[in-house]
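Have a look at the structure below before the remarks.
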Amino acid sequence: MERTYIMIKPDGVQRGLIGEIIKRFEAKGFKLVAMKLTAPGKEHLEKHYEDLKDKKFFPGLIAYMTSGPVCAMVWEGKGAVKEGRKMLGATMPSESAMGTIRGDFCIEVGRNICHGSDAVESANAEIALWFPEGVCDWESASQPWVYE
């Protein structure tokens with residue numbers, strides 16, 4: 001099974017959307033294998049967003065991401081990375097379909113509620129960065145009802 005890293009950003013936490021987002025991933029059939037509410041420091045977030053360090057908006061992104069706690073999660077399931085990204089919607093909320101998390105809950109790209117890994121390789125790196133202690137391996141009783 002594939003794993004993906006999903007993070008609810010400070011705006012999603014402040015707006016009380018953690019439960020709604022978890023509900024959607026569970027309803028889809030994905031299994032939660034790690035989760036923590038954390039207030040990462042500047043250095044941690046600079047490492048996470050290292051690929052964006054040359055962008056003009058980078059300082060504002062880091063300031064925003066350190067403005068409050070985030071909910072870091074690892075979800076497991078078939079096609080978790082690709083399906084997780086579909087569930088989040090387009091990075092630009094105005095391009096996100098209704099029914100997606102961003103399409104339903106946000107308006108501006110600077111407050112787009114969540115982050116999701118964009119590839120299996122980046123998911124593995126992000127999971128290692130955010131969960132150096134590892135994840136919880138467990139068997140879900142619902143697995144035979146989700147997968148053939």
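Restricting the search to segment 26-44, which residues are touching a residue at least 24 places away in the same chain (Cβ under 8 Å) and under 17 Å from Glu2 (Cβ atoms)? It would help to see each step written out before you state the result.
The first filter runs over segment 26-44 and keeps only residues touching a residue at least 24 places away in the same chain (Cβ under 8 Å), leaving 28-42, 44.
Selection gives Lys28, Gly29, Phe30, Lys31, Leu32, Val33, Ala34.
Out of everything in segment 58-79 that is touching a residue at least 60 places away in the same chain (Cβ under 8 Å) and part of a loop (DSSP other than H, G, I, E, B), what residue ends up being most open to solvent (accessible area, probe 1.4 Å)?
Taking segment 58-79 and keeping what is touching a residue at least 60 places away in the same chain (Cβ under 8 Å), we get 70-79.
Filter once more, keeping what is part of a loop (DSSP other than H, G, I, E, B): 78-79.
Working: Lys78: 149, Gly79: 27 Å².
By that ranking, first place goes to Lys78.
Could you check segment 106-148 and list, in sequence order, the residues that are in contact (Cβ under 8 Å) with a residue 60 or more places away in the chain, hydrophobic (A, V, I, L, M, F, W, C), under 16 Å from Leu32 (Cα atoms) and part of a loop (DSSP other than H, G, I, E, B)?
Phe131, Val135, Cys136, Trp138
Just give me the residues in segment 1-57 being of a type in the set (Phe, Trp, Tyr) and open to solvent by 100 Å² or more (accessible area, probe 1.4 Å), in sequence order.
Phe57
Name the pairs whose Cβ atoms lie under 6 Å apart, with the first residue in segment 45-57 and farther than 14 Å from Ala128 by Cα, the second open to solvent by less than 100 Å² (accessible area, probe 1.4 Å), and 6 or more positions between them or separate chains?
Leu52/Phe58
Do you know which of the residues in segment 91-105 that are part of a helix (DSSP H, G or I) and modelled with pLDDT of 95 or more is surrounded by the fewest Cβ atoms within 10 Å (Cβ to Cβ)?
Glu95
Can you tell me which condition Arg111 does not meet? The list is (1) over 22 Å from Ala27 (Cβ atoms); (2) touching a helix residue (DSSP H, G or I) at 6+ places or on another chain (Cβ under 9 Å); (3) open to solvent by less than 30 Å² (accessible area, probe 1.4 Å), and all the others hold.
(3)
Go over the candidates Glu126, Glu83, Glu139, Glu76 one by one and state the one that is of a type outside the set (Gly, Ala, Ser) and over 14 Å from the mean Cα position of the chain (by Cα). First the steps, then the outcome.
Details: Glu126 fails: over 14 Å from the mean Cα position of the chain (by Cα); Glu83 fails: over 14 Å from the mean Cα position of the chain (by Cα); Glu76 fails: over 14 Å from the mean Cα position of the chain (by Cα).
Result: Glu139 is the single residue among Glu126, Glu83, Glu139, Glu76 that is of a type outside the set (Gly, Ala, Ser) and over 14 Å from the mean Cα position of the chain (by Cα).
The values are calculated or read from the model by the stated rules, or taken from the named source; none is laboratory data. Fair warning: this is a prediction, and the values are worked out from it, not measured in the lab. Every residue, glycine as well, gets a Cβ built from its backbone with ideal geometry; the counts of neighbours run over all protein chains shown. Surface areas here come from the heavy atoms of the whole protein model, side chains and all, with no ligands, DNA or RNA. Shrake-Rupley method; radii C 1.70, N 1.55, O 1.52, S 1.80 Å.
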